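*Asks:* If you scroll down you'll find the structure; I have some questions about it.
Coordinate-derived values only; no laboratory data. Everything numeric here is computed off the predicted structure, so don't read it as measured data. When we count neighbours, we look across all protein chains shown, and the Cβ atoms used for this are built from the backbone with ideal geometry, even at glycine.
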Protein chains: 2
Amino acid sequence: MNGAESLIAAAVSCGIEVCLANPGTTELPLVNAMDSVPGLRGILCLHENVATGAADGYARMAGKPAMCLLHTGPGLANGLTNLHNARRANSPIVNVIGEHASWHRDTDPLLASNIAHLAGWASHHVATCTSPEHIAIDMAGAVNAAWQSGGQIATLIFPHDFQLAPVETTSSVALEATKNTFSPERVGAAAKALKASKTALLLGGEGLSKTGLRLAGRTAAATNSELICDTFFSRMERGVDAPAVRKLPYFPDEALALTGQYERVIIVGTRRPVAFFGYPGMPSFMTSDEQTVLLTGADEDTLGALQALVDELDAPDEIRSSSGGVPDRQTGKLDATTLSLTIARLQPDNAIMMDEALTVGIPYFEASGCAPNFSHLMLTGGAIGQGPSSATGAAIACPDRKVINFQSDGCGAYSVQALWTQARENLDVLTIIANNQSYNILNVEMQRAGLQEPGPIARSMAGLDNPGLEWAKIGEGMGVPSVRVDNVADLEKAIERTLAEKGPRLIEAVMS
Amino acid sequence: MNGAESLIAAAVSCGIEVCLANPGTTELPLVNAMDSVPGLRGILCLHENVATGAADGYARMAGKPAMCLLHTGPGLANGLTNLHNARRANSPIVNVIGEHASWHRDTDPLLASNIAHLAGWASHHVATCTSPEHIAIDMAGAVNAAWQSGGQIATLIFPHDFQLAPVETTSSVALEATKNTFSPERVGAAAKALKASKTALLLGGEGLSKTGLRLAGRTAAATNSELICDTFFSRMERGVDAPAVRKLPYFPDEALALTGQYERVIIVGTRRPVAFFGYPGMPSFMTSDEQTVLLTGADEDTLGALQALVDELDAPDEIRSSSGGVPDRQTGKLDATTLSLTIARLQPDNAIMMDEALTVGIPYFEASGCAPNFSHLMLTGGAIGQGPSSATGAAIACPDRKVINFQSDGCGAYSVQALWTQARENLDVLTIIANNQSYNILNVEMQRAGLQEPGPIARSMAGLDNPGLEWAKIGEGMGVPSVRVDNVADLEKAIERTLAEKGPRLIEAVMS
């Protein structure tokens, strides 16, 4: 057994099943070890941000980390933005980075860089293997780190010569048991607020799981309080059986208008809400100090705290569901409303929705409240281009569920390479591109900043219309059967047809 | 005038003409300032690595820095790998990164990260604006830093509230004069080696400019020595009027076989050669301590040193040119040889060749020695995916020259978004994709490691054939007229037709 095989064996024994990879020469022993040590499924990605974004989607749906195999510093650099998103989602991920041979590194070969420095930007745990005999322990340490604090990013740097070096078979490695806790005092304070004041529970993390939402819904029904979710959540179990939840709006004036309706806002499985950007004259926090009551952060035992809260309130097993039903059939042109409502109307039972539709997707959240039960994933860290990659990872985790990637064009253009991995692995992902030929959020921000008449350069920086991206061609070039539609009737037909099939498909929805 | 306008005015007064941008909300005041303060051409890129790679290609051809405008930490993260390549090319680049409003940053909004830490990975100079009144000085400092040491990466972080803040008109800013020097003692030592020993000059940086090559060629002809260039050079002036130069091979056994032919190797405008990767049993350096004679590094006055050397040797104004002539017409299937030789045979006078063809392009260097004069650019830092982006920047710098991007498929898949900017700006770039449906370098490395029979996972990690990328469709989807060919005759016709036209074109050359 060599060092590379020792690492793969350790990964498998720690429960890692999937390796999302874009390897180079410094990772070849690890690639070969995946053949000689069984148990790890290697999946090739044509860009490292696809690998890390897929690992995020996988973690959200599988509830466990995948391994990313990346090529030295630049390979890690290319995957950083989806690690940033994963960090904000509390998704566990283990990165293994090949490094130059230890005896060669100090000569500063062209591909060399300070990998540990780079990894520190988006990793909670960074380690460099200094002995092949120790790599199994190093790998177990990285996997353990990924499991801590509700989900972390761990990065392990592994020099090429140590991968090739023979190792004695080491003692077996295993995960440490981890157990988060909650504060009974905070449960008591939350119960008091719920009984005494007009209150909302602001939910994130485990608070948006099926169990968490049921407990929060019982709490809300028993106390006549309301549920709000984070603007950008990692995963939320939604649909007809879930309680009614309002989403915290993106813009601070709208968010403050919502939170201002309550005397107390109880933070559950997340943190006190912060405006996505700072706007002149607006506060940073979307709740006041006096309003804010912390039940649990993302790194605490939110389900335990919610159960204790339900027990303390003696809340019946009843919730208030969303009202309004499935949206009516739409007609005519494609805009944010008709596109969002048509998807919400047609999505099948048990779907996974990877939602990076941004401005186009705003109507979708409310429209989908009474859809068949589904898992709703969102962009979490604001680093755009996550959708196609995380949809890929979600489909790897859940091969029996249909994944829909409702995707804005500007964001999708960052990570078209994910489509190729979907084709290669025949993943059951339907990508619906909302093609409005713009970074529309910039137009909205310009209007909000009072710029009714931006100059020609400013206008051009938000416009993707010259030339327009032809997504159906790009999809076909990446190996995904693709179709272009420009009205609701054709969109409906395309969705119905592709949902009846298995495997990756792309619908380019050209908006008016 | 606000802070953003003050920065743009400073950039223009320091000679910056081009801004490669992928802005977001935190950069909108700077975007608007490009309209209100004239002199900076804003060019939108759909991925930050296109912006930074284009800035590198621009710097190599324009001889001056462009500005990259990137969106907070994740925007910089996406552009890092081409900054790594630019660092290895000694290309001057000035990055301006928008940051959250200074009063908002400490609340850790979702998009927040440690930008200065991240920038340090690939920047020589990192500064954060702490006062809007000082931003013009900060910007001049960044531009000055970019000009130092033969070309550097400078990164300036600019909070959103300081962009919006009013500033008094500041005193004008200007560049400090910079002047590199050389060592007369080292010139004397080099002359002595040239007279006494069988010697080669290993050229990089300014040694590969038109002037540098002429002086080095005169030196070689006068002393019966030979010229070698770096394996991966930033820019080399080549073709029928240039002296004969051999390229240092990529693999260390082959590189050592070449350098072993000489008693002395004089390093000119570059550094002592280091193997790209460390291989067991091979040294890191490709010259021995005894062989190595340093004339100048990349941060010294190489042209001055070469002129002094020519003077000391009293070398006549004569050089030895490449022999062999333009390649013969090829026939049959497309392979590395027929593809490389056909491009070398047909390339027009005064072309710019951005060469990221890797294994497919190996025959190209020798084949193009007698081509019409051209500028040859290569991938410099090993972070693949530079070609389409740097070709874009070269075309921005030199609108009257034809740019050819000879591009491997595996590398090109990293940065397909560059094609869109070529279409949008109607840049005169002909992209020729060598489609061998593999990361072929990995196959070569596996064979060299003695793995004649890699396992199925290892084989799959080098194969891009399932599904094959259809580059002509991807090109069309990005707005570039594209054609697919699979034999030499059709390739010739396609090259001849596209060279006669202006504007971006793509030829997908499917190899057998």
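*Asks:* Could you go through segment A:121-126 in sequence order and give the Karplus-derived ³J(HN,Hα) for each residue, using 6.51 cos²θ - 1.76 cosθ + 1.60 with θ = phi - 60°, rounded to whole Hz, and x for Gly and Pro?
*Replies:* Taking θ as phi minus 60°, the curve returns 5, 10, 10, 7, 9, 10 Hz for segment A:121-126.
*Asks:* Magnitude of the Cβ-charge dipole of chain A, K/R +1 and D/E -1, about the Cα centre, nearest 20 debye? Write out the running numbers ahead of the final one.
*Replies:* Details: 36 positive and 54 negative charges, 186 e Å.
My answer is approximately 900 debye.
*Asks:* To continue, here is another question. Which ³J(HN,Hα) values, rounded to whole Hz and listed in residue order, are derived for segment B:320-335 from phi using the Karplus coefficients 6.51, -1.76 and 1.60 in 6.51 cos²θ - 1.76 cosθ + 1.60 with θ = phi - 60°, glycine and proline given as x?
*Replies:* After applying 6.51 cos²θ - 1.76 cosθ + 1.60, I find 9, 8, 5, 9, x, x, 6, x, 5, 5, 9, 9, x, 7, 8, 9 Hz.
*Asks:* To continue, here is another question. For Cα pairs less than 8 Å apart in space and 6+ apart in sequence, what is the mean separation divided by the residue count of chain A, i.e. the relative contact order in percent? Let's see the in-between values first.
*Replies:* Working: 1191 pairs, mean separation 73.0, N = 512.
Relative contact order here is 14 percent.
*Asks:* If you average the sequence gap of Cα pairs under 8 Å that are 6 or more apart and divide by the length of segment A:3-164, what percent do you get for the contact order? Mind dumping the intermediate values first?
*Replies:* Working: 351 pairs, mean separation 45.0, N = 162.
Here the relative contact order equals 28 percent.
*Asks:* I've got another one for you. How large is log10 I(q)/I(0) at q = 0.09 Å⁻¹ when the Debye formula is applied to the Cα atoms of segment B:3-164, each weighted equally and without solvent?
*Replies:* Summing over Cα pairs of segment B:3-164 leads to -0.23.
*Asks:* Lysines within cross-link reach of residue A:198: Cα-Cα under 20 Å, excluding same-chain residues under 8 positions apart?
*Replies:* A:247
*Asks:* Under the Karplus relation 6.51 cos²θ - 1.76 cosθ + 1.60, θ = phi - 60°, what is the ordered set of whole-Hz ³J(HN,Hα) values for segment B:505-511, x standing for Gly and Pro?
*Replies:* Going residue by residue, I get 9, 9, 10, 8, 9, 7, 8 Hz, with x marking Gly and Pro.
*Asks:* Would you mind giving the average projected area, over all directions, of the Cα convex hull of chain A in nm² with one decimal?
*Replies:* Computed as one quarter of the Cα hull surface, the answer is 24.9 nm².
*Asks:* I would also like to ask the following. Could you compute the net charge surrounding residue B:41? Neighbours are other residues with a C-beta less than 14 Å from the C-beta of residue B:41; K and R count +1, D and E count -1. It would help to have the intermediate numbers written out before the result.
*Replies:* Values: positive: B:64, B:424; negative: B:17, B:35, B:425.
That works out to -1.
*Asks:* Starting from the Cα of residue A:131, step 7 Å along the direction of its Cβ; do the same at residue B:106; then give the gap between the two resulting points in nm.
*Replies:* Taking the simple label geometry, residue A:131 and residue B:106 are separated by 4.5 nm.
*Asks:* Taking the beta-carbon count within 10 Å as an exposure proxy, list B:247, A:179, A:210 from fewest neighbours to most. Can you show the working numbers first?
*Replies:* On the way: B:247 18, A:179 6, A:210 14.
The order, fewest Cβ neighbours first, is A:179, A:210, B:247.
*Asks:* A further question follows. Within segment A:268-293, find all residues whose amide N lies under 14 Å from a label point positioned 7 Å from the Cα of residue A:254 along Cα-to-beta-carbon.
*Replies:* A:276-277
*Asks:* What residues qualify as long-range amide H neighbours of residue A:286, i.e. H under 5 Å apart, gap of 5 or more or another chain, H built at 1.01 Å from N?
*Replies:* Counting only residues 5 or more places away or on other chains, the set is A:274, A:275.
*Asks:* Then there's this: Using only Cα atoms, locate the centre of segment A:281-355 and the centre of segment A:38-103, then give the distance between them in Å, rounded to an integer.
*Replies:* If you average the Cα positions of each part, the centres end up 29 Å apart.
*Asks:* Over segment A:336-510, what is the relative contact order in whole percent, taking alpha-carbon pairs under 8 Å and six or more residues apart?
*Replies:* Working: 319 pairs, mean separation 39.2, N = 175.
Relative contact order here is 22 percent.
*Asks:* What nm distances, shortest first, do you get from the label point of residue A:323 to those in the other copies when the point sits 7 angstrom along Cα to Cβ?
*Replies:* Computed spacing set for this position: 9.2 nm.
*Asks:* One decimal, nm, shortest first: give the distances between the label point of residue B:289 and those of the same position in the other copies, each label point 7 Å from Cα along Cα→Cβ.
*Replies:* Output for residue B:289: 6.6 nm, nearest copy listed first.
*Asks:* What fraction of the Cα pairs in segment A:361-411, stated in percent, has a spacing above 13 angstrom?
*Replies:* 63 percent
*Asks:* Suppose each label sits 7 Å from its Cα in the direction of the beta carbon; what would the residue B:459-residue A:288 distance come out to in nanometres?
*Replies:* Spacing of the two 7 Å Cα→Cβ label points: 6.9 nm.
*Asks:* Measuring from a point 7 Å out along Cα→Cβ, what nm distances, shortest first, does residue B:465 have to its partners in the other copies?
*Replies:* Sorted ascending, the copy-to-copy spacings read 4.5 nm.
*Asks:* Working only with C-alpha atoms, what are the Rg and Dmax values of the protein assembly as shown, expressed in angstrom?
*Replies:* Cα only, the protein assembly as shown: 29.1, 100 Å (Rg, Dmax).
*Asks:* When we measure straight from the Cα of residue A:502, which aspartates and glutamates land under 16 angstrom away, once same-chain ones fewer than 8 places off are left out?
*Replies:* A:349, A:400, A:425, A:428
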